[in-house]
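The values are calculated or read from the model by the stated rules, or taken from the named source; none is laboratory data. Computed from a predicted model, the values in this text were never measured in an experiment. Please note: Cβ atoms are built from the backbone with ideal geometry, for glycine as well, and neighbour counts cover all protein chains shown.
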């Protein structure tokens, strides 16, 4: 009886096998198509993010014991990353770097007055962060949010910061593009070419603390972007 049943359905076996195989193939192609679409979307998002990261700016402000590169040292560092429209996309921890007492005593009168008034001198004395640790943390931060050798350093009179960074944090500087975006240059051009707009530029609080100063620099460039870069 079993043989009879087999012989009865055997003509249909090839057809049933073909249907089954086509179903498998159809399901596989559908899944493969889904994976292709997902991969395409993911790759597109990754490409957009990469293009966005190419346009970012690395904003830095340093507070130092003075401006003499040969004898002065970094006391504080703030670092922000913005997109091309100057929106902050990442903020690094504000780092206060320990310096020995003889370094603090060697500061000029201006630095002693302002850094004492701002509380920075006491914060430096209490800090346990070395310049090497500060570079390590800041380098890890910009590596996370920018691509190597592409994004420029930005800030106010930032060529001075760049010199100190090149001396004390060379790996940090090596990650950045060699160009800089100096807001003070834009300020001086605005003063000469757009005097009316210059009069309305945002005033600074002059706290002489790194994070305050760099935040105000971004705000200032936003103003110039809105009023004279149209």
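Being modelled with pLDDT of 95 or more and over 24 Å from residue 70 (Cβ atoms): is that true of residue 204 here? No, not satisfied. Selection of region 169-199 for residues being assigned to a helix (DSSP H, G or I) and in contact with a strand residue (DSSP E or B) (Cβ under 8 Å, 6 or more places away or on another chain) yields 173, 183.
Here's a check for you: in region 200-230, which residue that is in a helix (DSSP H, G or I) and touching a helix residue (DSSP H, G or I) at 6+ places or on another chain (Cβ under 7 Å) is surrounded by the fewest Cβ atoms within 10 Å (Cβ to Cβ)? My answer is 227. The residue that is nearest to residue 90 (Cα to Cα), among those in region 117-134 that are touching a strand residue (DSSP E or B) at 6+ places or on another chain (Cβ under 9 Å) and in a helix (DSSP H, G or I), is 134. Consider residue 9 against the criteria (1) more than 30 Å from residue 126 (Cβ to Cβ); (2) modelled with pLDDT of 75 or more: it satisfies all of them except one. Which criterion is unmet? Here residue 9 clears every test but (2).
Of all residues in region 64-121, those being without any contact (Cβ under 8 Å) to a residue 40 or more places away in the chain, closer than 30 Å to residue 52 by Cβ and buried (at least 16 other Cβ atoms within 10 Å of the Cβ) number 1. Among the strands (runs of 3 or more DSSP E) confined to region 39-116, the ones with at least 2 residues that are under 12 Å from the mean Cα position of the chain (by Cα) and over 19 Å from residue 156 (Cβ atoms) are located at 88-91. Among the candidates 63, 70, the residue that is over 22 Å from residue 212 (Cβ atoms) and at pLDDT 95 or above is uniquely 70.
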